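Note sheet for the following structure.
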Amino acid sequence: MKYLRLGKLVATILGGVILAGSVQMAQAAELPAGSAQAMDKYLQAWVTDDAAQRKQLLEQAVSTDFSYRDPGAYKQGRESLINYIVEVRHHYNDLQARWLGPAVWKGDVFERPWRMERANGDQLFTGVDKLEFDQEGRLKTLVGRFE
């Protein structure tokens, strides 16, 4: 009888731990509040010609210690990202960008497909960003890959 009670207690505890873990995983799969707007403002920063507007968009979209990586670049901090966007836009001054789908939870990060193209619709790049957010819903890290 003692073993039966102990077994039920262990099963109850383990069940609670498993259930709690499931709840945490479900919560992790939900986009943080404000993150949808942050992603859109981040993308707008890539296409605007106005330096002041770009800075304002990124202040709202990314954390001050934002980390950006793609196959050809690593940028740490908001100012470094601003300079990188200016450099890319120097080569592609009519750059347009858009998300190709929603952010989807992929185990430990969100992933979101995107495309950059010229104003006439000619495709420049497509890829997928791996995204992490801070407590305010701003982008904390972005690792991009080209496809």
Kindly indicate whether Ala45 is crowded, with 16+ Cβ neighbours inside 10 Å, in a helix (DSSP H, G or I), more than 12 Å from the chain's Cα centre (by Cα) and modelled with pLDDT of 95 or more. yes
All but one of (1) under 17 Å from Arg145 (Cα atoms); (2) touching a helix residue (DSSP H, G or I) at 6+ places or on another chain (Cβ under 9 Å); (3) outside any helix (DSSP H, G or I) hold for Val88; state the number of the condition that does not hold. (3)
Verdict on Ala119 being part of a loop (DSSP other than H, G, I, E, B) and hydrophobic (A, V, I, L, M, F, W, C): yes
What single numbered condition from (1) free of Cβ contacts under 8 Å to residues at least 60 places away in the same chain; (2) buried (at least 16 other Cβ atoms within 10 Å of the Cβ); (3) more than 13 Å from the chain's Cα centre (by Cα) fails to hold for Asn120? (2)
Check on Glu132, of a type in the set (Asp, Glu), farther than 23 Å from Ala33 by Cβ and out of contact with any helix residue (DSSP H, G or I) (no Cβ under 9 Å at 6 or more places or on another chain): no
Given the options Ala97, Ala103, Ala73, name the one that is farther than 18 Å from Phe133 by Cα and surrounded by 14 or more Cβ atoms within 10 Å (Cβ to Cβ). Ala97
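The values are calculated or read from the model by the stated rules, or taken from the named source; none is laboratory data. Here the structure is a predicted model, which means the values were calculated and not measured. Here Cβ is always computed from backbone atoms with ideal geometry, including for glycine, and neighbour counts include all displayed protein chains.
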